[in-house]
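A.B. asks: Structure provided below as structure tokens; questions to follow.
Derivation of every value follows stated rules applied to the coordinates shown; laboratory data play no part. Everything numeric here is computed off the predicted structure, so don't read it as measured data. Positions of Cβ are generated from backbone atoms using ideal geometry, with glycine treated the same way; all protein chains shown enter the neighbour counts.
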Amino acid sequence: MVSDLVVAEVYFALQHHYDVLKQDVLLGLRRLFADGEIEPLGAVAEVLATDGLASAKPGFCGPANSWSLRDAADEMVTFEKATGKLKSVRVL
């Protein structure tokens, strides 16, 4: 099992530190969970199933974090303006 935070860190590291294209990172993450041997603990699988995720604003991490926290808290706070579009998210 893998937590949403670990998946988000993998996404960020591959994209920003290793210059892997966003759509390739998302494809790789989808494949990681495809056979069921590795299971996501939170909402990552649901977020990865979103159409057009590679070009969405907010992208992968905003919804993944927001959806993971939706049952634990009433509101998520962020500095990212695009993530502020999501329900129950407040931009500082």
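A.B. asks: State, to one decimal in nm, how far the label point of D19 lies from the label point of L41, with both points 7 Å from Cα in the Cβ direction.
C.D. replies: Once both label points are built, they end up 3.4 nm from each other.
A.B. asks: Compute the distribution of all C-alpha to C-alpha distances in the range 9-58, in bins of 10 Å from 0, and list the percent of pairs in each, rounded to whole numbers.
C.D. replies: 24, 57, 19, 0
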